Every structure is written in structure tokens, then in C-alpha cells.
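First the structure, in the form of C-alpha cells, and then the observations on it.
Computed from the coordinates by the stated procedures, all read-outs in this text should not be read as laboratory data. All figures in this text were calculated on a predicted structure; none of them were measured in a lab. Glycine gets a Cβ as well: all are built from the backbone with ideal geometry, and neighbour counts include every protein chain shown.
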Amino acid sequence: MSVGLEALQAAPKVSLHDHLDGGLRPETIIELAAEVGHELPATDARELRRWFVESASSGSLVRYLETFKHTLAVMQTQVHLHRVAREFVEDLAADGVVYAEARWAPEQHLLSGLTPRQAVEAVRDGLEAGAQACRDRGRTIIVRQLLTGMRHASASREIAELAVDYRHDGVAGFDIAGAEAGHPPTRHLDAFDYLKRNNAYFTVHAGEAFGLPSIWEALQLCGANRLGHGVRIIDDITVPDYGPPRLGDLAAYVRNMRIPLELCPSSNVQTGAASSIAEHPIGLLTDLRFRVTVNCDNQLMSDTTLSREFAKVCEAFDYDLEDVRWFTINAAKSAFHSFDLRLALIEEVIKPGFARLGA
Ligand SMILES: O=c1[nH]cnc2c1ncn2[C@@H]1O[C@H](CO)[C@@H](O)[C@H]1O
Ligand SMILES: [Zn+2]
């Protein structure tokens, strides 16, 4: 029997891979677009929601990413960034998320004259306002930023410096995102080198649209602490008709070193990285006890929440709340936060929260 959505919403969850500019409410986009004079493909909230999902479901990552022009257009001022960040936190908390890392690329929010610092501070203040609003309603949530550098552009070193500058002011780490093919992560070695010299944390979108070489580069040449998606690690695993699966050296490294995989089931089906939820590599990777985490990627483009992602994989793979607890503890262990906080999150929030639900 699969786990009901209500129980999943009540469970304390951890979200590691969630794009701020992929998680706006359609109603907010419509309101802000009217304010800034941006033309949208639909002006009814339900239609706009459908438009995002359909346009993002073509099987191509590049087309998926094109939809972001409509969210980026309404995230160009401090007031708008603040509002989007605040609502993002409130929506996560309403879904039962207790800790999240919200990623976004400051370099894409400078069209109206903001400096990267102003943009980061607006998001910081918006996230904090959202957390405060949740506390006022009796819910505790921590949401911090991951600053993303776009892989086709050349601002990554500057963004990495920003991530280090704000590391004690709401920024958890750094990420590289954007179209993968033709833009290997090694183009950004300068940024990664800077982060490592400063003992900072970073994840890299790798092994999504492109396969093993991208994962290998992200880990062995760039030094990533986690893999954004990493789902193509499956290409280094052979499943014979008889006997146990065989891991190649890269897959073995990922599993042995407990490298966190930020899997995003719905998004992977939309971009063609997986053919369906039922055939998603999460099943095999979980059986083999990789450090699997479950994530939304973009709540708007996938019309999803973390609870809904869990509902889908629970149904497809017959997972129960114990499994959801395992994924959640994996995510808490992999968070870019202090060891003390992660331990407290696991022992004082996650385990008791799941125990209340009988897991
Ligand atoms: O799944 C993904 N793969 C690669 N890039 C992505 C994905 N989702 C979003 N973005 C990119 O990350 C930027 C900053 O948040 C977004 O604007 C989008 O271009
Ligand atoms: Zn992503």
C-alpha cells in the first residue's frame, strides 16, 4: 500500500535541490508581470500553471530551461525578490519541509540595475521574513541560499566569491546550473578552486542531460561535495540476468564516498533524463544504498511539491514511511550546514516527527 499524501505532508522533510526561480506561484507571476509590463503566455493562473508544465515536458533540458524567462522577468527588483523568497518559504513550510536550500543565480537578476549583493540581501531578507511568518504560525523552518553560477556564462568566480562573503549570512554554498551539453563544469575551475581554498561547499548539476564524463569531471576535477541529479550514474552499473549488479569504478566511488545524489524524479521525466517514474533509476540506486535524496528541482515547472515527489516514488516503488524517513535522513546528513545542526535536525525533528506518524 502506498503512503498517502496527507502523511507525507505531515512528515518533516528536507529539500536540497529546489530552484527559487522555478518555484513561484502562478498568481504571483501574473501580478508581478502586470506590474513590470512583461507579457506572459497566459494570464489565468490555472492556464499559466498548465503552460509551464507542458512547455517544460518536451523531453529536452534546453526547452525546459527556456520557460525560466517568464519567472526571471518578474524577479528583477528587491521588492519582487523579497516577495518571491518569502512565498517560497511559506509554501515549503505548508508542505512540511523543515530545512531547505533554495538555489538561484544572482547574475540573472541584474537587468533592472541591482548589484549582486543587493539581490542576495533581498532574497536573504525574504527568506527570513517567510521563516518568521511560519514561526508566528507555530512552524519552524530553516531556508538558506545556494548561489548558482550559470554554466554557459562567465560570472561563476564572482558568484563563488559572493557565496563565501555571505557564508555566515544565509548562504549555504554554491552550485552550477544551466544547459549541460557543451558546457562542462571544468570551465569553472577558477570558481571551484576559490571555494575549496576557502573551505566552502558546492554542488554541481551533472549527470542529468549528459552522462558519466560530466559526473566524473564534477567530482574528480572540480571537487563537488554533492551531485545535482547525478542520475546518469546508472550508466556505470550493469545489471546481469543473474547475480548482483556490478558497479564500475565511478559508481563505486560515488557509493563508497557517500556522495549525495540530489534526485528529482518528475523533472528527470520531463527533460528525458528518465523515461518514467516507474523506470527512474532511483529504484536501483536506493536498492544499492547510494546516498539518495528526493527533490523537486522546480515546483512550478513540474507542478509538484516535495510531498508529491515522495508520493510518486512511494507508489512506483512501493516505498513506505520508513523509506521516506531514510531519504530524509540522507538529505539532512548531506545538507550544507554545520554538523551540530544536522544532528539536531535528525535527532530532534526528523526522528520524532516520523515516530509520531508510526515510522
Ligand atoms: O534541472 C536543471 N538543470 C540545469 N539547470 C537548471 C535546472 N533547473 C533549473 N536550472 C537553471 O538554474 C537557474 C538558476 O536557478 C535557472 O534559471 C535555470 O536556468
Ligand atoms: Zn536543478
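Under a model in which nothing but the beta-carbon of Lys, Arg (+1) and Asp, Glu (-1) is charged, segment 5-356 shows a dipole of about 680 debye around its Cα centre.
Residues of segment 124-139 with an amide N closer than 18 Å to a point placed 7 Å from the Cα of Asp169 along the Cα-to-Cβ direction: 124-129.
For Lys69, the aspartates and glutamates whose Cα comes closer than 12 Å to its Cα, not counting residues fewer than 8 places off in the same chain, are Asp21, Glu39. Sorted ascending by nearby beta carbons within 10 Å, beginning with the fewest, Met75, Met257, Met150 become Met257, Met150, Met75. A Förster radius of 30 Å, combined with the Cβ-Cβ distance separating Ala252 from Ser154, puts the computed FRET efficiency at roughly 0.30. Summarising the label geometry, the points placed 7 Å from Cα in the beta-carbon direction at Ile346 and Ala45 lie 3.9 nm from one another.
Of Lys13, Lys312, Lys333, the sequence from fewest to most neighbouring Cβ atoms within 10 angstrom is Lys333, Lys312, Lys13. Straight-distance candidates among the lysines for linking to Lys13, with alpha-carbon spacing under 16 Å and chain neighbours fewer than 8 residues away dropped: Lys312, Lys333, Lys351. Each of Thr43, Thr293, Thr77, Thr115 was scored by other Cβ atoms within 10 Å of its Cβ. Listed from fewest to most, they are Thr115, Thr43, Thr77, Thr293. Reducing segment 179-237 and segment 313-343 to their Cα centroids gives an inter-centroid distance of 22 Å.
When the P(r) is computed for segment 121-176, the part past 15 Å accounts for 53% of the Cα-Cα pairs. For the chain, what is the percent of antiparallel DSSP beta bridges, rounded to the nearest 5? So the antiparallel bridges in the chain amount to around 5 percent.
The residues neighbouring Asn298, those whose beta-carbon lies less than 10 Å from its own, together hold a net charge of -4 under the Lys/Arg +1, Asp/Glu -1 convention. Summed over all non-identical Cα pairs, the Kirkwood treatment of segment 199-241 gives a radius of 10.7 Å.
Residues of segment 152-166 with amide nitrogen under 12 Å from the 7 Å Cα-to-Cβ point of Arg197? Counting backbone N atoms under 12 Å from the label point, the list is 161. From its DSSP helices (H runs of at least four residues, each -39,500 (n - 2.57)), the chain gives a residue-normalised ellipticity at 222 nm of -12500 deg cm²/dmol. Based on C-alpha pairs under 8 angstrom that are at least 6 apart in sequence, segment 244-353 has a relative contact order of 24 percent.
Here the relative contact order of the chain, from alpha carbon pairs under 8 Å that lie six or more residues apart, stands at 21 percent. For segment 2-122, relative contact order (Cα pairs under 8 Å, six or more residues apart, normalised by length) works out to 39 percent. His205 sits among other residues whose Cβ lies under 11 Å from its own Cβ, and their net charge, with Lys and Arg +1 and Asp and Glu -1, is -2. Using the empirical formula 2.2 N^0.38 Å as the baseline, the Cα radius of gyration of the chain reaches a ratio of 0.93. Taking a sphere under 10 Å around the Cβ of Pro184 and counting the other residues whose Cβ falls inside, with K and R at +1 and D and E at -1, yields a net charge of 0. Taking amide H atoms as placed 1.01 Å from N in the peptide plane, the amide H of Tyr99 lies under 5 Å from those of Lys13, Ser15, Ile142, each 5 or more residues away in sequence or on another chain. Note on segment 194-308: along the principal axes its Cα atoms extend 43, 40, 22 Å, ordered by decreasing extent.
In whole Å, how far is the Cα centre of segment 75-147 from that of segment 2-35? Cα centroid of segment 75-147 versus Cα centroid of segment 2-35: 12 Å apart. Annotation: amide H-H contacts under 5 Å for Gly149 (H modelled 1.01 Å from N, sequence separation of 5 or more, or interchain): Asp175, Ile176, Ala177.
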